[in-house]
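Structure record follows, encoded as structure tokens.
The values are calculated or read from the model by the stated rules, or taken from the named source; none is laboratory data. This one's a predicted model, so the numbers in the text were calculated from it and none came from an experiment. For neighbour counting, all protein chains shown are included, and Cβ atoms are generated from backbone atoms with ideal geometry for every residue, glycine included.
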């Protein structure tokens, strides 16, 4: 049993349709081979009976291709085959299937009732767990690499969808984000690597969070939602090495390509991201001239 109790980090044993901690006697349900450590505290509400909107269905379908692209084109070439990897905030779980297909020892977590429902279709669903990124159900130093895509910005804020997307920072936002970073580093081996990627708060346009997928959302620098490179460095409480990478090959531009400006700027942005990967221009990857941050953190 590789999972650990997220509350006391004690060892778990499987008993019928649950995992039980011998140290604190807490039990966690197993359903369809999927462990659930959420205690019912999901970030969404989904039972499988809801009627999904056409926009929502379109977004979920686009995610599948995006998940494969993210791993196959961007992350897999950076990783060593056979190493143990966590995708923290793995969404639909496709990334875990793809990583294992490519020869990695991969696991994933997400705190979503919808995702748990989706995971029934995954080949590696026994390697997926419903859990909070603030209390990961894994032992210390368990992973060689941790990947977390599009997660940190959602921690410590209240978001409202619908016709107009709004977001409000919570009073404990920074404390929660500091805990998040501590957990990612806790489960990473000394000498291991954490990769964070998310829209850059220093860039004035957000193409990833809006009422319609891929649409442009203008935001202020003091909005309190999207972090910057400096913000992430401030959330880390142990000695690490940080560097910003170019997001070259990170995107297939499917969502933003539904809009005229996405089609117009896809090639220029591809060329810009390629330039950011060359040594003389790498410092710009952490700046306000880069719309999407990819941060490599070495323990």
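Would you call residue 131 in contact with a strand residue (DSSP E or B) (Cβ under 8 Å, 6 or more places away or on another chain) and in contact (Cβ under 8 Å) with a residue 40 or more places away in the chain? Step through it out loud before you land on a result.
Numbers: in contact with a strand residue (DSSP E or B) (Cβ under 8 Å, 6 or more places away or on another chain): yes; in contact (Cβ under 8 Å) with a residue 40 or more places away in the chain: yes.
For residue 131, the condition - in contact with a strand residue (DSSP E or B) (Cβ under 8 Å, 6 or more places away or on another chain) and in contact (Cβ under 8 Å) with a residue 40 or more places away in the chain - is met.
Which ranges mark the helices (runs of 4 or more DSSP H) fully within the range 13-132 that have 1 or more residues being touching a helix residue (DSSP H, G or I) at 6+ places or on another chain (Cβ under 7 Å), under 27 Å from residue 153 (Cβ atoms) and at pLDDT below 95?
Working: elements: 54-69, 94-101, 113-118.
So the answer is 54-69.
Could you tell me which of the residues 233, 248 is assigned to a helix (DSSP H, G or I) and either farther than 27 Å from residue 173 by Cβ or modelled with pLDDT of 90 or more (or both)?
233
If you check 253, 292 for being within 25 Å of residue 151 (Cβ to Cβ) and modelled with pLDDT under 90, only one passes: 253. Consider the range 197-224 and keep the residues that are buried (at least 20 other Cβ atoms within 10 Å of the Cβ) and in contact with a helix residue (DSSP H, G or I) (Cβ under 6 Å, 6 or more places away or on another chain). The one that is modelled with the highest pLDDT is 198. Taken across the range 258-272, residues that are surrounded by 17 or more Cβ atoms within 10 Å (Cβ to Cβ) and within 28 Å of residue 298 (Cβ to Cβ) do occur, with at least one present. Whether a residue is touching a residue at least 40 places away in the same chain (Cβ under 8 Å), over 15 Å from the mean Cα position of the chain (by Cα), in a strand (DSSP E or B) and closer than 28 Å to residue 136 by Cβ was assessed, and residue 224 does not pass this test. Residue 230: farther than 27 Å from residue 72 by Cβ, within 20 Å of the chain's Cα centre (by Cα) and surrounded by 14 or more Cβ atoms within 10 Å (Cβ to Cβ), yes or no? When the stated conditions are applied, residue 230 does not pass them.
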